[in-house]
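First the structure, in the form of structure tokens, and then the observations on it.
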Amino acid sequence: MLLPAKAEVARHLERYRAWERLLLAAPADQVVRGNFENTGYTLCVLMGKRCAREAADAAEHYLRDVRTRI
């Protein structure tokens, strides 16, 4: 599997977590919900997962992995 650049994954994971915090603070805000879902979808595409939660977990694991994959 072709892996995305770690900087790109980190940037999208940070955005996902920021929108997640905003959604927890304002669960009825449809704009916040839409942005949260969009960032989750982007993580799914980057990490090859079908669920945003799994994609976020995979991104965190990928960023922690210090070994170089060839």
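In the stretch 41-56, which residues are open to solvent by 80 Å² or more (accessible area, probe 1.4 Å) and part of a helix (DSSP H, G or I)?
Across the stretch 41-56, the qualifying residues are TYR41, VAL45, ARG53, GLU54.
What number of residues within the stretch 19-40 satisfy the criterion of being in a helix (DSSP H, G or I), among the small types (Gly, Ala, Ser) and either modelled with pLDDT under 95 or more than 14 Å from ARG53 (Cα to Cα) (or both)?
Count: 2.
Without any contact (Cβ under 8 Å) to a residue 40 or more places away in the chain, open to solvent by 60 Å² or more (accessible area, probe 1.4 Å) and more than 8 Å from the chain's Cα centre (by Cα): is that true of GLU14 in this structure?
no
State all residues of the stretch 1-11 that are assigned to a loop (DSSP other than H, G, I, E, B) and either of a type in the set (Phe, Trp, Tyr) or open to solvent by less than 60 Å² (accessible area, probe 1.4 Å) (or both); if no residue qualifies, say none.
PRO4
The values are calculated or read from the model by the stated rules, or taken from the named source; none is laboratory data. Just so you know, these numbers come straight off a predicted model, no measurement behind them. Glycine gets a Cβ as well: all are built from the backbone with ideal geometry, and neighbour counts include every protein chain shown. Remember, those area values only see protein heavy atoms, side chains included, never the ligands or the DNA or RNA. Shrake-Rupley method; radii C 1.70, N 1.55, O 1.52, S 1.80 Å.
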